[in-house]
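The values are calculated or read from the model by the stated rules, or taken from the named source; none is laboratory data. Predicted, not measured: the structure shown is a model, and the values here were computed from it. Counting neighbours? That spans all protein chains shown, and the Cβs are built from the backbone with ideal geometry, glycine included. Note: accessible area is taken over every heavy atom of the protein model, side chains too, but ligands, DNA and RNA are not part of it. Shrake-Rupley method; radii C 1.70, N 1.55, O 1.52, S 1.80 Å.
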Amino acid sequence: MYQKTGLVLEGGAMRGMFTAGVLDVMMENGVTFDGAMGVSAGAVFGCNFKSRQIGRSLRYNMRFCGDPRYCSVESLIKTGDLYGAEFCYDEIPNKLDPFDVETYKNNPMVFYAVCTNVETGKAIHKRLDNGDKKDMEYFRASASMPLVSRIVEVDGYKLLDGGITDSIPLAAMERRGYGRNVVVLTQPLGFVKEKSSTLPLIHLAMHNYPNVIKAMDVRHIRYNKQTAYVREQELAGNVFVIRPSHALGISRTESDPAELRRVYDIGRAEMERLLPALREFLGDRE
């Protein structure tokens, strides 16, 4: 019996350059999936996998990482978003480094972005088929980190970063019938998430949304359970995991193009090393 293949993409802000390197090598070698689900950086970089744009994630990040319209305290003060919403999700994809909407739309691979509903404190796994303006709002929401982003309102939802509630959505893909999954992580084996030191500020800033505060309070616990589940499924042979061999050591808001390139190259090298094993894993679908 055929098992649908899925791709699960963790976030991690600029650690996502590792994922970008992994995905580019996959595209260069014709690796495809039936569906993919990305969280935060895993969504905003992963959408280029569906649009088949090799190198785009690295290219626009290196080009604009030092631009205050892209990511800066100035942008945070002026707009309420550390990563400028208009520049990142309109100016870049529509004018400066166009996102291939037609290829995205016509690619049969299903793509989901994970967001957090701040009113319920629950994850939303939104299927995004079109790559259009509304889809861009969901991508933005998925990557909108608490404290440094405005709440994104779309389709009646109030949304923030999907990593708050479902950082590694392997189980969500399994529930959707994807029985053979590849998981791209941005932390090394053995990483343990600690309780966030920003929780007091989050309690203050999000006091009108008690359910998302509750979700943030247990985020580290949920994350560590998810990494344990991924490891369990990996050892059982049900999941293929691609992760860095060591901590990537990159700032969440890195503005040095050389650092972005360094982490991207680590992702490329790891995927090139694992490519034969990945082909074997995906080839055994019966």
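Tell me, please, whether a residue that is closer than 23 Å to Gly237 by Cβ and assigned to a loop (DSSP other than H, G, I, E, B) can be found in region 191-206. Show your work before the answer.
So the first thing to find is which residues in region 191-206 are closer than 23 Å to Gly237 by Cβ, and the list is 191.
So of that shortlist, the ones also assigned to a loop (DSSP other than H, G, I, E, B) come out as 191.
Taking every residue of region 191-206 in turn, at least one turns out to be closer than 23 Å to Gly237 by Cβ and assigned to a loop (DSSP other than H, G, I, E, B).
Of all residues in region 25-38, exactly one satisfies the criterion of being open to solvent by 10 Å² or more (accessible area, probe 1.4 Å), in contact (Cβ under 8 Å) with a residue 40 or more places away in the chain and either among the charged types (D, E, K, R) or in a strand (DSSP E or B) (or both), namely Asp34.
So is Ala277 under 29 Å from Gly177 (Cα atoms), open to solvent by 20 Å² or more (accessible area, probe 1.4 Å) and assigned to a helix (DSSP H, G or I) or not?
Working: under 29 Å from Gly177 (Cα atoms): yes; open to solvent by 20 Å² or more (accessible area, probe 1.4 Å): yes; assigned to a helix (DSSP H, G or I): yes.
The answer is yes for Ala277.
Name the single residue, out of those in region 114-154 being assigned to a loop (DSSP other than H, G, I, E, B) and among the small types (Gly, Ala, Ser), that is nearest to the chain's Cα centre (by Cα).
Here is the first cut: in region 114-154, the residues assigned to a loop (DSSP other than H, G, I, E, B) are 118-121, 128-132, 143-151.
Within this subset, residues satisfying the condition of being among the small types (Gly, Ala, Ser) are 121, 131, 143-144, 149.
Details: Gly121: 19, Gly131: 16, Ala143: 7, Ser144: 11, Ser149: 16 Å.
Across region 114-154, the extreme among qualifying residues is Ala143.
Among all residue pairs at least 6 apart or on different chains, which show Cβ distances below 8 Å where the first residue, located in region 239-251, is in contact (Cβ under 8 Å) with a residue 12 or more places away in the chain and in a loop (DSSP other than H, G, I, E, B) and the second is of a type in the set (Phe, Trp, Tyr) and surrounded by fewer than 21 Cβ atoms within 10 Å (Cβ to Cβ)? Here the result reads Ala247/Phe191, each pair linking region 239-251 to a residue that is of a type in the set (Phe, Trp, Tyr) and surrounded by fewer than 21 Cβ atoms within 10 Å (Cβ to Cβ).
Residue count for region 53-109 satisfying the condition of being open to solvent by 50 Å² or more (accessible area, probe 1.4 Å), part of a loop (DSSP other than H, G, I, E, B) and not charged (D, E, K, R): 5.
Go through region 1-13 and give me each residue that's in contact with a Leu (Cβ under 7 Å, 6 or more places away or on another chain) and surrounded by fewer than 24 Cβ atoms within 10 Å (Cβ to Cβ). If the condition is that a residue be in contact with a Leu (Cβ under 7 Å, 6 or more places away or on another chain) and surrounded by fewer than 24 Cβ atoms within 10 Å (Cβ to Cβ), then Thr5 is the only one that fits.
Of the residues examined, Val44 is not one that is touching a residue at least 40 places away in the same chain (Cβ under 8 Å), within 14 Å of the chain's Cα centre (by Cα) and in a strand (DSSP E or B).
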